1. So which residues in region 42-53 are assigned to a loop (DSSP other than H, G, I, E, B), exposed (fewer than 14 other Cβ atoms within 10 Å of the Cβ) and of a type outside the set (A, V, I, L, M), if there are any at all?
2. Among the numbered criteria (1) surrounded by 14 or more Cβ atoms within 10 Å (Cβ to Cβ); (2) at pLDDT below 85; (3) out of contact with any Asp or Glu (no Cβ under 6 Å at 6 or more places or on another chain), which single criterion is violated by GLY56?
3. Considering ASP44, ASP12, ASP2, which residue is more than 11 Å from the chain's Cα centre (by Cα) and on the phi < 0 side of the Ramachandran plot?
4. Identify all residues within region 1-41 that are among the basic types (Lys, Arg) and either free of Cβ contacts under 8 Å to residues at least 12 places away in the same chain or not in a loop (DSSP other than H, G, I, E, B) (or both); write none if there are none.
5. Going through region 14-34 one residue at a time, which ones are out of contact with any strand residue (DSSP E or B) (no Cβ under 9 Å at 6 or more places or on another chain) and modelled with pLDDT under 90?
Amino acid sequence: MDAYEVRETDADYEGLVRTERERPTPADDEVVVRIRACSLNYRDLAIASSELAYPGADPPVVP
């Protein structure tokens, strides 16, 4: 599946990359939801440019 990852934070968003990730396998009490389209919002870009911290996670992270 496609995902955007923040691999490193910088002002010009070079650390924000589109990547291929393995499809998750749900546990017995979980479901996987198909998302056909989504967007990066202001918060995602603020995390990618280091204006906003992403608490509890070190890159790479999926915002």
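The values are calculated or read from the model by the stated rules, or taken from the named source; none is laboratory data. No experiment lies behind these values; they were computed from the predicted model shown. Methodologically, a virtual Cβ is constructed for each residue, glycine included, from the backbone with ideal geometry; neighbour enumeration extends over all protein chains shown.
1. In the first step, residues of region 42-53 are kept if they are assigned to a loop (DSSP other than H, G, I, E, B); the result is 49-53.
Okay, now just the ones that are also exposed (fewer than 14 other Cβ atoms within 10 Å of the Cβ), so 51, 53.
Across region 42-53, the qualifying residue is only GLU51.
2. Of (1) surrounded by 14 or more Cβ atoms within 10 Å (Cβ to Cβ); (2) at pLDDT below 85; (3) out of contact with any Asp or Glu (no Cβ under 6 Å at 6 or more places or on another chain), only one is false for GLY56: (1).
3. Numbers: ASP44 fails: more than 11 Å from the chain's Cα centre (by Cα); ASP2 fails: more than 11 Å from the chain's Cα centre (by Cα).
Being more than 11 Å from the chain's Cα centre (by Cα) and on the phi < 0 side of the Ramachandran plot holds for just one of ASP44, ASP12, ASP2, which is ASP12.
4. We begin by selecting, within region 1-41, every residue among the basic types (Lys, Arg); these are 7, 18, 21, 23, 34, 36.
Passing the criteria: ARG18, ARG34, ARG36.
5. We begin by selecting, within region 14-34, every residue out of contact with any strand residue (DSSP E or B) (no Cβ under 9 Å at 6 or more places or on another chain); these are 14, 22-34.
Within region 14-34, just GLU14 meets the criteria.
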